[in-house]
Amino acid sequence: MANADKREREDSLDRFKEEFYQGENQIYMDGNSLGLMSKRAEIKLLELAGSWRSHGIDGWTEGSHPWFTLAEELSARIAPLVGALPHEVMVTGSITSNIHQMLSTVFQPTENRSVIVVDELNFPSDIYAVESHLRLRGLETEKAMRKIQSRDGYTLSLKDIVKQLTEDVAVLLLPSVLYRSGQLLPIREIIQAAHQKGVLVGFDLAHSIGALPHDLHKDGVDFAVWCHYKYMNSGPGGTGGLYLHERHHHLLPGMAGWFGSDKNRQFDMDHSFTKAEGAGAYQMGTPNIFSMAPLLGSIEIFEEAGIGAIRKKSLQLTRLLRELVAEQIPELKDVTPDKDEERGGHIALVHEEAARICKALKEAGVVPDFRAPNIIRLAPVALYTSFEDVEKMVSRLKMIMDRELYKNYTNERNVVA
């Protein structure tokens, strides 16, 4: 463990590990699916519940975090993590509801431009949302939704993305990091190519926010959506977020709601919608206070740690993980891109017995993430994974493979793996 010991001594983030709840002798490698609870997140959740107990309805305007402006407070603090201006970000909704909001707002098909380009490796929910918008606009999904094909089944090439941006394309919607392989797409290059062709571009940041820095405003990204329950550790079903570049803020929300109103006019109860300034206009219903509360504690940790330091350690952890696997367990195929600048925060390993291997890992005290049909995803998270954890995890995985312990389990998928 000499190499791990040296890295631990140089680790500027090691102090945060004790802030997270983790089972004894457990190595948690599933933070790219659901992050662990921190003590600060728990405190803020209880604090906001206490404000309800103490203030009742006056909690909307009283207490340490008044509910009426809680979303705006959080949005301004999240903005630096995605490289946006404060008024371009809104903590609201979920990834799927925010995709619906963004598409209903910016997707304005014409006779000559009515195609939305997606990719065949994207998460199903994003595809479902795109298909529904095309149907609502009276368009045939088979013609108006075009999928970028992968050459290897795990990654996308910039050349293939740009090739699909023909004159009939209105919107390009992609993940920043592909959930299957961990590939980080070249956002700036994609934006430049798309804008030259008059195409608006949106990104789903589910697998990148909290794991690496972004520069959405300067890169010129038109819109983005994300969740906070993965690397951001805000808890299951935690409120998501959206970003809309300020050049689009003149647009009325495609799906208007009461909380998208100008806050100074909201209680006038006027049936004429007075749009809020900035991204706040693209909220809909009343904020989910308790689903937002843990993010108050989580963001404190990110502000103290710094996203640059988090990215640096994340790359070190994933580099160590893949080097050890390649050296000790070569039968596992690593399908994550090699270069640091081309990968997010997790490593994807392929094996025909992936489902059984994941079950064996859980029995051995490692929490992995299985994705059908044959992918083991492992995410060492900078805030609560040590270098020693990575070495121990690989050791347990090697034992499972050497002894074929995975054969003690069925290859049937669990509902949640």
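Quick note: the coordinates plus some simple rules give every number you see, no bench work behind them. Not measured: the values here are computed from a predicted model. For neighbour counting, all protein chains shown are included, and Cβ atoms are generated from backbone atoms with ideal geometry for every residue, glycine included.
Counting lysine pairs in segment 45-303 whose alpha carbons fall under 16 angstrom apart, excluding pairs fewer than 8 residues apart on the same chain, gives 5. Between S176, S157, S234, the residue with the greatest mean-square fluctuation in the GNM of the chain (Cα pairs under 10 Å linked by springs) is S157.
Rounded to the nearest 20 debye, the dipole magnitude of segment 15-163 is 380 debye, with +1 charges on Lys and Arg beta carbons, -1 on Asp and Glu beta carbons, and the Cα centre as origin. When the chain is described by a simple charge dipole with +1 on each Lys and Arg Cβ and -1 on each Asp and Glu Cβ, the residue from P213, T166, T69 located farthest towards its positive end is T166. Who wins for biggest fluctuation among A194, A382, A211 in a Gaussian network model of the chain, springs between alpha carbons below 10 Å? In the Gaussian network model the winner is A194.
Here the translational diffusion coefficient of segment 295-350 follows from Stokes-Einstein with Rh set to the Kirkwood radius across Cα pairs; for 20 °C and 1.002 mPa s it amounts to 168 µm²/s.
By other beta-carbon atoms within 10 Å, ranking L103, L315 with the fewest at the front produces L315, L103. Taking the Cβ of E72 as the center, what net charge do the other residues with Cβ under 12 Å away carry, scoring Lys and Arg +1 and Asp and Glu -1? Around E72, the charge tally is 0.
Mean silhouette area of segment 145-277, derived from the convex hull of its C-alpha atoms and averaged over all directions, reads 10.2 nm². Bridge orientation summary for the chain: considering DSSP beta bridges with both residues in this region, about 55 percent are antiparallel.
Residues C358, C227, arranged from fewest to most other Cβ atoms within 10 angstrom of their Cβ, appear as C227, C358. Given the options A305, N98, H250, identify the residue whose Cα lies farthest towards the positive end of the charge dipole of the chain (+1 on Cβ of Lys, Arg; -1 on Cβ of Asp, Glu). It is N98.
Each Lys and Arg contributes +1 and each Asp and Glu -1, all at the Cβ; summed about the Cα centre of the chain, the dipole is approximately 520 debye.
Whole angstrom only: what separates the Cα centroid of segment 303-339 from the Cα centroid of segment 91-158? Segment 303-339 and segment 91-158 have Cα centres spaced 31 Å from each other. Within the chain, which is the longest segment containing none of the trypsin sites (Lys or Arg not before Pro) that sit in a DSSP loop and have at most 11 other Cβ atoms within 10 Å? Segment 152-338 is the longest. Taking loop as defined by DSSP and a crowding limit of 13 other beta carbons within 10 Å, which GluC sites (Glu not before Pro) in segment 1-105 fit? Those that pass, being in a loop and sparsely packed, are E24. Applying D = kT/(6 pi eta Rh) to segment 45-303, where Rh is the Kirkwood radius over alpha-carbon pairs, T corresponds to 25 °C and eta to 0.890 mPa s, the Stokes-Einstein value obtained is 130 µm²/s.
Entry note, segment 45-303: relative contact order of 23 percent, from Cα contacts under 8 Å with a spacing of 6+ residues. Sequentially through segment 387-392, phi angles give Karplus couplings (6.51, -1.76, 1.60; θ = phi - 60°) of 5, 5, 4, 4, 5, 5 Hz, Gly and Pro residues having no value and appearing as x.
As a proxy for reagent exposure, I375, I116 were ordered by neighbouring Cβ count within 10 angstrom, fewest first; the result is I375, I116.
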